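In what follows, a structure is listed as C-alpha cells, so that the remarks can point back to it.
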Amino acid sequence: LVSPLSWLLGRLDALPDPWSADALDALLQGNIAHGVFESLFEKDGQLIERDEVEVAVDEALAEVIRQQAPLLSTAQWKVERNTLRSTLIQAVKNWRDVLEVLDAKVVGVETSLKGEFSGIMIRGFSDEVVQLPGGKLAVVDFKKSSSPKRRERMELGYDCQVSLYEKMINDNPGELGVETSSDTPGIIYYTLNDQRVIADDRTGLPNNVPGLIVVSNDVSVNALDEIKGQIKKLKKGVVEMNHGSDAETFATEKALPDFALEATPLVKMFAHPDPVEGDL
C-alpha cells in the first residue's frame, strides 16, 4: 500500500540493516507488550482476578524483558521500564474487563492463519482470537499505540491487517479446533496506550464494552482494492515507484504510516518528482 519497491526489497531480504543504539522504541515496546499479553491471556485460560493484575504483570514483564531486552532490567532504564509497566497494568486490567463483559473465551493466542487472497496464498499470526456467546469468533490485534490514527484509517477504509486475518479464519474455520457459528468473524483492535476497543459494526459488540469505538463503514474496502491492483501489476512484473509527496498524501488521505518509505534510501532515490504547478 505504501511502497511496492520497499515491499519487494523486503521480500528479497535486500533491505539495509543499519546499526543503531539500544532504545525502547515503538517496535520493542510492542514486542514486550505482546509478550506480556500472550502470557496473561492464555488459550482456554481463566481470567486473572482484577486485584491480582499488578503482580501478574510484574512477573510477566520481568520474564519478557529477560528474554527479549535484558538491558531494560538495569537501573539506567528504570524510568522507561516503570512507564511501560504502568501502561501495561492499566491495559491488562481493561482487557480482562472487556473479556468479562463480553463473556468471551480466548480460543487462540499467536494463532497461525492461512488462506487465499486475489489468487495468492496468504498467512499471518493473529495476536488473539476470542469466541463470543453463540459461537461467533472475533480476531483481535493488540497495538502499543493510541486509537485516533487507527480509527481514522478504518474510517477511510484503508485498514486491512485484521480484515485479512478475519478472511483467513473464515476460509479455514476448523483450524482453531473449536465449534463455531456460521456468522462471519468479527474484528477488534485494542490500543494499549489509551485502552480503546475499536471494532466495525458487523462485529456486534454491546455498548457496555469498556472503551468501545464502533466504525460503521467497511474498514478495509479501499485498502484491499488497492492491494488487488498492486498484485495484478506485480504479476506482470511491474513495480511502481513512489512520488516525492507520498508521505504527506498517505498520512492525510489514507492515515497510513510512512515506515516503508524510510526502509531504504532507494525508495526516495528512485521516487518520481512531484509535478511543478502549471506543468502538463
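The values are calculated or read from the model by the stated rules, or taken from the named source; none is laboratory data. Keep in mind it's a predicted model, so treat the numbers as computed, not measured. Positions of Cβ are generated from backbone atoms using ideal geometry, with glycine treated the same way; all protein chains shown enter the neighbour counts. Accessible surface is based on the protein model in full, side chains and every heavy atom, while ligands, DNA and RNA are left aside. Shrake-Rupley method; radii C 1.70, N 1.55, O 1.52, S 1.80 Å.
Given the whole protein assembly as supplied and a 1.4 Å probe, what does the accessible area of I231 come to in Å², nearest 10?
Rounded to the nearest 10, that gives 20 Å².
Accessible area, 1.4 Å probe, largest first: how do S181, S216 sort? All intermediate terms of the calculation are to be shown ahead of the outcome.
Details: S181 30, S216 90 Å².
The ordering from most to least exposed comes out as S216, S181.
Would you mind telling me the antiparallel percentage of the DSSP bridges in the chain, rounded to 5? List each step's numbers first, then the result.
On the way: 19 of 30 bridges.
Percent antiparallel among DSSP bridges in the chain is about 65.
Could you check the simple spin-label distance between M241 and D201, using points 7 Å along Cα→Cβ, in nm with one decimal?
4.4 nm
Could you pull the Cα extents of the chain along its three principal axes, largest to smallest, in whole Å?
66, 52, 33
Using a 1.4 angstrom probe with every protein chain in place, what is the largest-first accessible-area order of F142, F125?
Details: F142 10, F125 105 Å².
From most accessible down to least: F125, F142.
I need the peptides 99-112, 157-170 ranked by packing, meaning the mean over residues of other C-beta atoms within 10 angstrom, with the highest value on top.
157-170, 99-112
Return the Rg/Rh ratio of segment 1-104 with Cα-based radii and a Kirkwood Rh. Walk me through the numbers before you get to the answer.
Working: Rg = 17.2 Å, Rh = 15.9 Å.
Reported Rg/Rh (Cα atoms, Kirkwood Rh): 1.09.
Of K143, K43, K268, which is the most mobile in a GNM of the chain whose springs link Cα atoms less than 10 angstrom apart?
In the Gaussian network model the winner is K268.
Plugging the Kirkwood radius over Cα pairs into Stokes-Einstein for segment 82-231, at a temperature of 20 °C and a viscosity of 1.002 mPa s, what D comes out in µm²/s? Before the final figure, lay out each step's value.
Details: Rh = 15.7 Å.
In µm²/s, the coefficient rounds to 136.
Please give the length that would be gained between D103 and T184 if that part of the chain were fully extended, namely 0.36 nm times their separation in residues minus their C-alpha to C-alpha distance (nm, one decimal).
Full-extension gain reported as 27.3 nm.
Sort 28-35, 60-67 by packing, meaning the average of other beta carbons within 10 Å per residue, with the highest value first.
Values: 28-35: 18.9, 60-67: 16.5.
Packing order, densest peptide first, comes out as 28-35, 60-67.
Given the convex hull over the Cα atoms of segment 184-280, what projected area results after averaging over all orientations, in nm²? Write out the running numbers ahead of the final one.
Details: hull surface 39.6 nm².
If you wrap the Cα atoms of segment 184-280 in a convex hull and average its projections, you get 9.9 nm².
Over segment 118-174, consider all pairs of different Cα atoms and compute the Kirkwood hydrodynamic radius from their mean reciprocal separation; express it in Å, one decimal. Don't jump to the answer; show the numbers that get you there.
Values: mean 1/r = 0.0774 Å⁻¹.
Taking the inverse mean of 1/r over all distinct Cα pairs, segment 118-174 comes out at 12.9 Å.
Per-residue accessible area for F41 at 1.4 Å probe radius, Å² rounded to 10?
10 Å²
Counting only protein heavy atoms and using a 1.4 Å probe, what share of the accessible area of the chain belongs to carbon plus sulfur, as a whole percent? Spell out each step's value before the answer.
Numbers: 7710 of 15250 Å².
Here carbon and sulfur together make up 51 percent of the probe-accessible area.
Once fully extended, how much extra length lies between S118 and F270, figured as 0.36 nm per residue of separation less the alpha-carbon to alpha-carbon distance? Please list the in-between numbers first.
Values: separation 152, 0.36 × 152 = 54.72 nm, distance 2.80 nm.
Length gained, S118 through F270: 51.9 nm.
So what is the relative contact order for segment 1-80, in percent, with contacts set as C-alpha pairs under 8 Å and at least six apart? Let's see the in-between values first.
On the way: 27 pairs, mean separation 19.2, N = 80.
Reported relative contact order: 24 percent.
Return one whole number: the accessible area per residue of segment 1-138 in Å², for a 1.4 Å probe.
Numbers: 7700 Å² over 138 residues.
Per-residue value: 56 Å².
Quick one: net charge around V239, please, counting Lys, Arg +1 and Asp, Glu -1 for every other residue with C-beta under 12 Å from its C-beta. Don't jump to the answer; show the numbers that get you there.
On the way: positive: R11, K233, K235, K236; negative: E240.
Summing Lys and Arg as +1 and Asp and Glu as -1 gives +3.
Rounded to a whole number, what is D in µm²/s for segment 99-142 from Stokes-Einstein with the Kirkwood radius over alpha-carbon pairs (37 °C, 0.692 mPa s)? Walk me through the intermediate numbers first.
Details: Rh = 11.4 Å.
The Stokes-Einstein estimate is 287 µm²/s.
If you restrict to DSSP beta bridges whose two residues both lie in segment 135-225, what percentage is antiparallel, to the nearest 5?
On the way: 4 of 14 bridges.
For segment 135-225, the DSSP antiparallel bridge percentage is about 30.
Out of R50, R153, R196, any idea which swings most in a Gaussian network model of the chain, alpha carbons joined below 10 Å?
Evaluated over the chain, the most mobile residue of the options is R50.
What 222 nm value per residue comes from the helices of the chain, counting each DSSP H run with n ≥ 4 as -39,500 (n - 2.57) and dividing by all residues, nearest 500 deg cm²/dmol?
Numbers: 10 runs with 112 residues, N = 280.
Here the helix-only value at 222 nm equals -12000 deg cm²/dmol.
When the Karplus curve 6.51 cos²θ - 1.76 cosθ + 1.60 is applied with θ = phi - 60°, which whole-Hz ³J(HN,Hα) does each residue of segment 7-19 get, with x for Gly and Pro?
4, 4, 5, x, 5, 8, 6, 10, 7, x, 10, x, 7
Count the DSSP beta bridges whose two residues both fall in segment 154-280, then state the antiparallel fraction as a percent rounded to the nearest 5. Before the final figure, lay out the partial values.
Numbers: 4 of 9 bridges.
For segment 154-280, the DSSP antiparallel bridge percentage is about 45.
So for the chain, averaging the separation of alpha carbon pairs under 8 Å that are six or more residues apart and normalising by length, what relative contact order in percent results? Don't skip to the answer; put the middle values down first.
On the way: 425 pairs, mean separation 55.3, N = 280.
That works out to 20 percent.
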